[in-house]
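Participant: To start, I am sharing the structure in question, which I have written as C-alpha cells.
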Amino acid sequence: MGIFDRLSTLLRSNLNDLISRAENPEKMLNQLVLDMRSQLAKAKQQVATAIADEKKLQAQAEQEKKQADDWEKRAMLAVQEGRDDLAKQALLRQTEHMQSGAQLEETWRRHAAETETLKNSLRALNDKIEEAKRKKNILIARSRRAEAQRRIHETMSSMSDRSAFETFERMSERIEQTERKALAAAELSEELSGDQLARQFDQLEYKADADAQLLALKQRMGLLAAGKGEPTKQLGAGEGAGEVQDADLVDEGADDERPRGAS
C-alpha cells in the first residue's frame, strides 16, 4: 500500500499547489488531470512488477514441491535397490525442498493477497481519475461562465457614470448635424447651378400641365361641359321658365314698336 500512499501524497501536493496559484482554472485542471494520469501510469508499472513477483514466488513454490516429489521418488528407488543410505539422503533432500516450498507458498499467498489489494486500489484510482476528467469539463464550463459574468459586471460598473453613453449620444448628434449640413449644401448647390430662367419656365410648364390634367379629370366626372372651362349649373324649373318668358316679352315689345308695313 506504500505505492498508493506516495501517489496520494503527490496528488494532494500538486492539487494544493495548483489551487494556491489558481492563475488559469482551465489550464490548472487540465494539468492536474495530466499529472494524475502520469502518476496512474507509474502506479500501473509498480503493480505490474508486484504481479510479476507474485508469479515468480508461485513458480518457485511449485518448483520446490516438484523437487521434493523427485527426491521422494529417488528415495523409493534407493530402497528398492537396497541402498538405505542413499534413501536417507534422498529423504533429507525431500524434506529440505518441502520446507522451502512451504515457506515460498506462504510468502506467495501473502504476496498474492497484497497484489490483489493493489489491483483493486488501482481500479478505484482509475475510476476516480475518469470521474475527475468528466468533472473537469463541468468545472471548466462553470469557470468560463463565472469569468464572463465577472467581466460583464466590471464593464457595467465602469459605465455606471454614463460617460460612455453620453459620449455616444454626442457623437450621434454631431453626425446628424453633419448630415443636415451636407443635405443643405447639396440643395443650395442645386438651386444655384444651371439656367435659372429655364428652371422658372419648367416650373410654369409643370403647373400648366397639372392644371390641364385637373380640367380633364373634371370633364370625365361630368363636372364641366365639353369645351368649357367652368362647371355647368343645372337650372331649376322656376328660374329657367322666368328667364324664358322675360326674353319672349322683350321680343314681342320690339315687334310692336316697329312701323307698320315693315316686314
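Participant: Suppose we filter region 41-98 for residues that are over 54 Å from the mean Cα position of the chain (by Cα) and of a type in the set (Gly, Ala, Ser); how many remain?
Facilitator: Within region 41-98, residues that are over 54 Å from the mean Cα position of the chain (by Cα) and of a type in the set (Gly, Ala, Ser) number 8.
Residues are listed down the side, and each one gets a yes or a no for (1) closer than 19 Å to Gln46 by Cβ; (2) of a type in the set (Val, Ile, Thr):
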{"position": "Arg74", "(1), (2)": "no, no"}
{"position": "Asp85", "(1), (2)": "no, no"}
{"position": "Leu92", "(1), (2)": "no, no"}
{"position": "Thr95", "(1), (2)": "no, yes"}
{"position": "Leu104", "(1), (2)": "no, no"}
{"position": "Glu116", "(1), (2)": "yes, no"}
{"position": "Asn120", "(1), (2)": "yes, no"}
{"position": "Arg123", "(1), (2)": "yes, no"}
{"position": "Asp127", "(1), (2)": "yes, no"}
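Participant: Still on this structure, please answer the following. Every residue in region 22-40 that is basic (Lys, Arg) and over 29 Å from the mean Cα position of the chain (by Cα), please.
Facilitator: Arg37
Participant: Please specify each residue of region 124-142 satisfying the condition of being charged (D, E, K, R) and over 15 Å from Arg37 (Cβ atoms).
Facilitator: Arg142
Participant: Restricting the first residue to region 165-186 and requiring it to be farther than 30 Å from Thr155 by Cβ, which pairs with a second residue that is at pLDDT 85 or above and assigned to a helix (DSSP H, G or I) meet a Cβ separation below 9 Å and a spacing of at least six or different chains?
Facilitator: Listed by first residue and then by second, the contacts come to nothing, as the list is empty.
Participant: Looking at region 71-88 only, could you name the residues that are of a type outside the set (Lys, Arg) and either surrounded by 14 or more Cβ atoms within 10 Å (Cβ to Cβ) or touching a residue at least 60 places away in the same chain (Cβ under 8 Å) (or both)?
Facilitator: Scanning region 71-88 gives Trp71, Glu72, Ala75, Ala78, Val79, Leu86, Ala87.
Participant: Turning to a different aspect of this structure: Looking only at region 22-47, which residues are surrounded by 12 or more Cβ atoms within 10 Å (Cβ to Cβ), under 12 Å from Leu122 (Cβ atoms) and not polar (S, T, N, Q)?
Facilitator: Leu40, Lys42, Ala43, Lys44, Val47 - these are the residues of region 22-47 that are surrounded by 12 or more Cβ atoms within 10 Å (Cβ to Cβ), under 12 Å from Leu122 (Cβ atoms) and not polar (S, T, N, Q).
Participant: What are the pairs, 6+ residues apart or on separate chains, where a residue within region 39-62 that is without any contact (Cβ under 8 Å) to a residue 60 or more places away in the chain has its Cβ under 6 Å from a residue that is surrounded by 14 or more Cβ atoms within 10 Å (Cβ to Cβ) and aromatic (Phe, Trp, Tyr)?
Facilitator: Leu57/Trp108; Gln58/Trp108; Ala61/Trp108
Participant: Report the residue count in region 79-130 for those that are over 15 Å from Glu64 (Cβ atoms) and among the β-branched types (Val, Ile, Thr).
Facilitator: 4
Participant: Follow-up question, since we're still on this one. Can you name the residue in region 89-110 that is buried (at least 16 other Cβ atoms within 10 Å of the Cβ) and among the charged types (D, E, K, R) and is also nearest to Lys56 (Cα to Cα) among such residues?
Facilitator: Among them, the one singled out is Glu105.
Participant: Looking only at region 131-138, decide whether some residue is aliphatic (A, V, I, L, M), under 21 Å from the mean Cα position of the chain (by Cα) and either exposed (fewer than 13 other Cβ atoms within 10 Å of the Cβ) or part of a helix (DSSP H, G or I) (or both).
Facilitator: Yes, the conditions are met somewhere in region 131-138.
The values are calculated or read from the model by the stated rules, or taken from the named source; none is laboratory data. As the structure is a prediction and not an experimental result, all values here were calculated from the model. A quick note on method: Cβ atoms are made from the backbone with ideal geometry, for glycine too, and the neighbour counts reach across all protein chains shown.
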